[in-house]
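What follows draws every value from the coordinates through simple rules; no lab data is involved. Small disclaimer: the values here were computed from a predicted structure and weren't measured. Neighbour counts are summed over all protein chains in view; Cβ atoms, including those assigned to glycine, are modelled from backbone coordinates with ideal geometry.
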Amino acid sequence: MTHGQGVRGCWDILGGQRMSTSHYTHGSSEDEQQRLTALNTRLNRRCLDAAQFAAGERVVDFGAGLGQFSRAIARVTGVRVLGLERSAEQIAEATRQAAADGEATLVEMRQADVVDPPFQPDELGQFDAAHARFLLEHLPDPLLVVRNMARAVKPGGRVILSDDDYDTLRLWPEPHGFAPLWHAYQRTYDRHGNDPIVGRRLVQLLHQAGLRPRRNALIFFGGCAGEPEFGDVVGNIASIIDEAIDDIVATGTPRSSVSATLDALMTWSRQPDSAVWFGMSWAEGVRPN
Ligand SMILES: C[S@@+](CC[C@H](N)C(=O)[O-])C[C@H]1O[C@@H](n2cnc3c(N)ncnc32)[C@H](O)[C@@H]1O
């Protein structure tokens, strides 16, 4: 996926299916796929603990990406997970990784747009749970997709959402130039009609989709310089800014200033007193009987 595809409300034909052209900020380059893999390694255990999937549950994963969390769910439930994903590149890498891990049977990756998911007659309203992580922030109309998730589950079934509220990121002592750069990064979402603070809306979206919100939580993503994985935490922040650099420059921030601030961020991460706080929003709703 390249930048500049954020034409709200337009459609094109891909692989014989209708696909929305909503803007996916991060893309699917090899570097981005490595970033997403590292993020999964760091977060999947915490997300599984929050969701408490049970053996035998049938789950659909909206915006499944590389299918890594979909497979993690299937290892718990023992039932093949259906992963809906728009990008052919993501599906190809997901398929490669699943085969390499000997887990090809754990997930069916289906090319699909979550705006208009192509469910089979025996699927709609039949799932025990519908899950989406880091998806809603990339959609101009997240409520439409939460409604699709609600339709996918059976009465009593769960819809589980986790997403970013970028405004909650805190770095201290603050690296020089970071706050205005982070602000500019968030503005790139607005420009494409997407919402960088959708995480705070999760419970509201569940309610608006006709679901009964039941749990609300934060999943911590942060750390401090003394922790072995702190470099990965800061590297993830640097990486998402770096990938969005063209869009950030388009907001009026000079490219040289972005590069200088990223250099300052990496230097800062090696200071003994540097710390990051970030909470990934997480919420669960139930379809009424
Ligand atoms: C940040 S990744 C998250 C992947 C996965 N949920 C995870 O947590 O590892 C978001 C994924 O959503 C996909 N995506 C974005 N818009 C989509 C849409 N309209 N329909 C289907 N997938 C979409 C992107 O291609 C990308 O793979």
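Would segment 174-279 count as rounded, prolate or oblate if I go by the C-alpha gyration tensor, calling it rounded below 1.5 in a/c and otherwise prolate when a/b exceeds b/c, oblate otherwise? Could you put the intermediate results ahead of the total?
On the way: a/c = 3.26, a/b = 1.34, b/c = 2.43.
Verdict is oblate for segment 174-279.
Can you pull the one-decimal nm distance between simple spin-label points at R214 and E229, each 7 Å off the Cα toward Cβ?
Taking the two extended label points, one gets 2.7 nm.
Between W172, T267, G193, whose Cα lies farthest towards the positive end of the dipole of the chain when Lys and Arg beta carbons carry +1 and Asp and Glu beta carbons carry -1, centred on the Cα centre?
G193
What does the C-alpha gyration tensor say about the overall shape of segment 40-84? Classify as rounded when a/c is under 1.5, otherwise prolate if a/b is larger than b/c, or oblate. Before the final figure, lay out each step's value.
Values: a/c = 1.86, a/b = 1.07, b/c = 1.75.
Oblate.
Convert 37 °C to kelvin, take the viscosity as 0.692 mPa s, use the Kirkwood radius over C-alpha pairs of the chain as Rh, and evaluate the Stokes-Einstein diffusion coefficient in µm²/s, rounded to a whole number.
Numbers: Rh = 19.5 Å.
Translational diffusion coefficient: 168 µm²/s.
For D242 and D101, FRET efficiency with R0 = 25 Å and r from the beta-carbon atoms, rounded to 0.05?
0.30
Let's test the formula: R0 of 45 Å, r as the Cβ-Cβ distance of A88 and W172. What FRET efficiency results, to the nearest 0.05? Write down the numbers at each step before the final one.
On the way: r = 41 Å, r/R0 = 0.92.
Here the calculated transfer efficiency is 0.65.
How much net charge surrounds D122 when only the other residues with a Cβ under 13 Å from the Cβ of D122 are counted, with Lys and Arg +1 and Asp and Glu -1? Working shown, then result.
Details: positive: R58, K154; negative: E123.
Spelling it out: positives minus negatives among the neighbours equals +1.
According to the Kirkwood expression over distinct Cα-Cα pairs, how big is the hydrodynamic radius of segment 50-148, in Å?
On the way: mean 1/r = 0.0737 Å⁻¹.
It is 13.6 Å.
Per-residue ellipticity at 222 nm for the chain, helices alone: DSSP H runs ≥ 4 residues times -39500 (n - 2.57), over residue total, nearest 500 deg cm²/dmol? Intermediate values should be presented prior to the final figure.
Details: 9 runs with 111 residues, N = 289.
Dividing the helical sum by the residues of the chain leaves -12000 deg cm²/dmol.
Using unit Cβ charges (K, R positive; D, E negative) and no other charged atoms, how large, in debye to the nearest 20, is the dipole of the chain about its Cα centre?
Numbers: 29 positive and 37 negative charges, 213 e Å.
Charge dipole of the chain: 1020 debye, to the nearest 20.
I need the peptides 199-208, 168-177 ranked by packing, meaning the mean over residues of other C-beta atoms within 10 angstrom, with the highest value on top. Intermediate values should be presented prior to the final figure.
Working: 199-208: 19.2, 168-177: 14.8.
Put in order of decreasing packing, that is 199-208, 168-177.
Between G231, G56, G102, find the one with the highest GNM mean-square fluctuation for the chain; connect C-alpha pairs within less than 10 Å.
G102
Putting +1 on Lys and Arg Cβ atoms and -1 on Asp and Glu Cβ atoms, find which of V59, L36, L84 reaches farthest to the positive end of the dipole of segment 18-111.
Of V59, L36, L84, it is V59.
What nm value, rounded to one decimal, do you get for the distance between D190 and V249 when each label is placed 7 Å out toward the C-beta?
2.2 nm
Given Cα pairs under 8 Å that are at least 6 residues apart, what percent is the relative contact order of the chain? Present the calculation step by step, with values, prior to reporting the outcome.
Details: 553 pairs, mean separation 56.8, N = 289.
Normalised by residue count, the contact order of the chain is 20 percent.
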